[in-house]
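Since the structure comes first, as structure tokens, the remarks are kept for the end.
The values are calculated or read from the model by the stated rules, or taken from the named source; none is laboratory data. Quick caveat, the model's predicted, so the values are computed rather than measured. Cβ coordinates were reconstructed from backbone atoms using ideal geometry, including for glycine residues, and neighbour counts include every protein chain displayed.
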Amino acid sequence: MEGIGSGAGDPGWVPVDACTLAAAERPVRLDEFADLFRGLRRLDRYEPEWLRLRLADGAGVAERAAELTAREAGCCAFFDFTVHREGGDVVVDVRVPPSRAAVLDGLAAMAGYPR
């Protein structure tokens, strides 16, 4: 896919044509998401453009998820994130336009889904 991945340290699903994050910072950002995903309880793919992550709630999880997703939306404007608490979980909804559905495939794979 054209415009996806930029070389060493970037997975193939990172859309470099739409991301303003410096290439040197991308591995750090991916590590932050990997760390957040350690608390993953469930992942649902309701539509090709909608991914829901349910994370175990704990000290600072909702705040960390909100801060990380806000930074990610700031550099990759096609993302639409919402973070809220529900039934003992921190729920992170991720939506993208149809042209970016492959990004959710990559994000789901990174989260270890299916488990």
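A few notes on this one:
- Residue match in the range 5-22 (condition: among the aromatic types (Phe, Trp, Tyr) and either modelled with pLDDT of 90 or more or within 12 Å of the chain's Cα centre (by Cα) (or both)): yes
- Search result, residues across the range 71-82 that are of a type outside the set (D, E, K, R) and either part of a strand (DSSP E or B) or surrounded by 12 or more Cβ atoms within 10 Å (Cβ to Cβ) (or both): Ala73, Cys75, Cys76, Phe78, Phe79, Phe81, Thr82
- Hits in the range 23-43 - residues which are assigned to a strand (DSSP E or B) and either of a type in the set (Ser, Thr, Tyr) or under 13 Å from the mean Cα position of the chain (by Cα) (or both): Leu40, Leu43
- Residue count, the range 83-104 (criterion: more than 15 Å from Glu47 (Cβ to Cβ) and surrounded by fewer than 15 Cβ atoms within 10 Å (Cβ to Cβ)): 5
- From the options Leu68, Leu107, Leu51, residue that is assigned to a strand (DSSP E or B) and buried (at least 16 other Cβ atoms within 10 Å of the Cβ): Leu51
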